[in-house]
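Below: the structure, in structure tokens.
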Amino acid sequence: TCWAFARAYAPSILKPYIPELSKSIVVASLFDREVNCRRAASAAFQECVGRQGADNFKHGISILTAADYFSLGNRTDSFTSVAYHVAQFSEYQKPIFQHLYQVKLYHWDINIRILASKSLHRLAAYDPLFMSQTVVPYLLG
């Protein structure tokens, strides 16, 4: 339904909601367990960038280039290399970290938990202070 927002509303109407919307769509495109959901989220993000404007969706073109139909088709790549690319953008870093350590590390599927831990390991290089002061205490608490 996110793609429908981009089609139905003018950029000026959606503008206050775009930061949160973009983060949610990107997280879904990277970390959903199912390939069809990751691809659908990426398509929704593409629709938003195209209709709402790349200026409204920060780094949208770069994210779409990395998180395309084929790269999201491989769950391991999506969790690791594509997520690593997207996390270089500060707008998406915290939502990515938070989704991984608050949601995916507790997922019922052990393979998702393993991928989430690998992803966090790789992403820790972007913000070691956040990892040591926020993520580790959260996991140990």
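Some values worked out for this structure:
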quantity	calculated
Those residues of the range 8-44 whose amide nitrogen sits under 16 Å from the label point placed on residue 71, 7 Å along Cα→Cβ	26-32, 38-44
The chain: calculated mean residue ellipticity at 222 nm from DSSP helix runs of at least 4, using -39500 (n - 2.57)	-17500 deg cm²/dmol
Within the accessible area of the chain (1.4 Å probe), percent carbon and sulfur	57 percent
Summed side-chain charge close to residue 112 - residues other than residue 112 whose Cβ falls under 14 Å, Lys, Arg +1, Asp, Glu -1	+3
Gain on full stretching of the segment that runs from residue 124 to residue 9 - 0.36 nm per residue minus C-alpha separation	37.7 nm
The range 1-63: mean projected area of Cα convex hull, nm²	3.7 nm²
Formal net charge of residues neighbouring residue 73 (Cβ-Cβ distance under 13 Å; K, R +1; D, E -1)	-1
7, 33, ranked by accessible area, largest first (probe 1.4 Å)	7, 33
Positive-end residue of 12, 81, 49, charge dipole of the chain with Cβ unit charges	81
Alpha-carbon centroids, the range 82-107 and the range 122-137: separation in whole Å	11 Å
Length-normalised contact order of the chain in % [C-alpha pairs under 8 Å, at least 6 apart]	20 percent
Cα convex hull volume per residue for the chain (Å³)	102 Å³
Reachable aspartates and glutamates from residue 58, criterion Cα separation under 15 angstrom, eight or more residues apart if same chain	20, 47, 91
Relative contact order %, the range 1-68, counting alpha carbon pairs below 8 Å whose residues are six or more apart	38 percent
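The values are calculated or read from the model by the stated rules, or taken from the named source; none is laboratory data. Quick caveat, the model's predicted, so the values are computed rather than measured. Note that we place each Cβ from the backbone using ideal geometry, even for glycine, and neighbour counts take in every protein chain shown. Note: accessible area is taken over every heavy atom of the protein model, side chains too, but ligands, DNA and RNA are not part of it. Shrake-Rupley method; radii C 1.70, N 1.55, O 1.52, S 1.80 Å.
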